[in-house]
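Here the structure is laid out as structure tokens; the discussion comes afterwards.
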Amino acid sequence: MRDLLFPPDKSNLSPIRLLHFVALAIVALRFIPRNWEGLSTPVLSCAKCCGENSLPIYCFGVLLALASHLALLDLSKGLAMQIVVSVAGVLMMIGIARLLNAMGIRRERKSAGTQSIGQVPPVR
């Protein structure tokens, strides 16, 4: 029973880890109001931007993890290099997320601009 609740590795989602995540979500929903000014700070706006594009950012993060591991093997494994690689990776993910948001806004404007109010779309 102990191994089911507290597995020795992190590759499986144990009930305790899932309960911990749900508890954090409930606390955040309960104590952070929707119109809190802190949500518009630059750091949290970057996090929000990455969250809006979570799947592409996750996939890009996987590729960055491989590239950064290879870079650390070739260059240096020192603490300073690890910090530089980590900060560069986070900044690259934020840049990609902002680019994806900008592309999405342009697509929405373009598709909204091509439809006329008086026209009825054709039925297929």
Considering only residues that are polar (S, T, N, Q) and open to solvent by 40 Å² or more (accessible area, probe 1.4 Å), look in the stretch 46-76 and name the one that is farthest from Met103 (Cα to Cα).
-> Ser76
The one condition in (1) of a type outside the set (Phe, Trp, Tyr); (2) touching a helix residue (DSSP H, G or I) at 6+ places or on another chain (Cβ under 7 Å); (3) modelled with pLDDT of 90 or more that Leu75 fails to fulfil = (3)
Here the residues within the stretch 77-87 that are exposed (fewer than 13 other Cβ atoms within 10 Å of the Cβ) and either hydroxyl-bearing (Ser, Thr, Tyr) or not in a loop (DSSP other than H, G, I, E, B) (or both) are Leu79, Ala80, Ile83, Ser86, Val87
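The values are calculated or read from the model by the stated rules, or taken from the named source; none is laboratory data. Note that this is a predicted model, so its numbers are computed, not measured. Neighbour counts are summed over all protein chains in view; Cβ atoms, including those assigned to glycine, are modelled from backbone coordinates with ideal geometry. All accessible areas refer to the heavy atoms of the entire protein, side chains included, with ligands and DNA or RNA removed. Shrake-Rupley method; radii C 1.70, N 1.55, O 1.52, S 1.80 Å.
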